[in-house]
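Below is one structure, written out as structure tokens; the observations come after it.
Quick note: the coordinates plus some simple rules give every number you see, no bench work behind them. The structure presented is a predicted model; accordingly, all values stated were derived computationally and were not measured. Note that we place each Cβ from the backbone using ideal geometry, even for glycine, and neighbour counts take in every protein chain shown.
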Amino acid sequence: MLGSLDSDQAAEQVVDEMTSMLKLSSYAQDSPPPASTRHSTMCRYHPESPALFECAGCHKRFCSECVKEVSGAYYCHICRSRLQ
């Protein structure tokens with residue numbers, strides 16, 4: 001596909017593709033990774049929200065409002081307090 005483009009067009013296309021990839025990569029880093037959805041239930045503290053995240057400490061499931069990242073892992077408020 002790049003063979004039929006002049007060098008300026010080819011360079012512009014490569015920059016556009018790289019920009020798109022960086023945006024996706026940035027989005028993935030900003031969003032907490034969801035736990036497997038095969039056992040998805042509702043959050044015990046927010047019954048209207050799906051419990052998509054698993055606490056790294058107690059392994060209970062919570063919604064995104066209930067977990068916070070600590071050193072690359074996600075913990076509920078009880079397990080976070082035990083880390084301190």
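At 0.36 nm per residue, and after removing the present C-alpha to C-alpha distance, how many nm does the segment from Arg82 to Lys60 gain when stretched out fully? Intermediate results must be reported in sequence, preceding the final value.
On the way: separation 22, 0.36 × 22 = 7.92 nm, distance 1.52 nm.
Result: 6.4 nm gained on full extension.
Among residues other than Met42 whose Cβ falls under 11 Å from its Cβ, what is the net charge (Lys/Arg +1, Asp/Glu -1)?
Value of the local net charge: +1.
If amide hydrogens are placed 1.01 Å from N in the peptide plane, which non-local residues have theirs closer than 5 Å to the one on Met42?
Amide H to amide H, under 5 Å and 5 or more residues apart or across chains, Met42 pairs with Ala51.
How high is the FRET efficiency between Val70 and Glu12 when r is their beta carbon distance and R₀ equals 41 Å, given to the nearest 0.05?
Here the calculated transfer efficiency is 0.45.
Taking amide H atoms as placed 1.01 Å from N in the peptide plane, list the residues 5 or more away in sequence, or in a different chain, whose amide H sits under 5 Å from that of Lys60.
Result for Lys60 returns Cys55.
Using amide H atoms built in the peptide plane, which far-off residues or other-chain residues are under 5 Å from Ala73 H to H?
So Ala73 has HN proximity to no qualifying residue.
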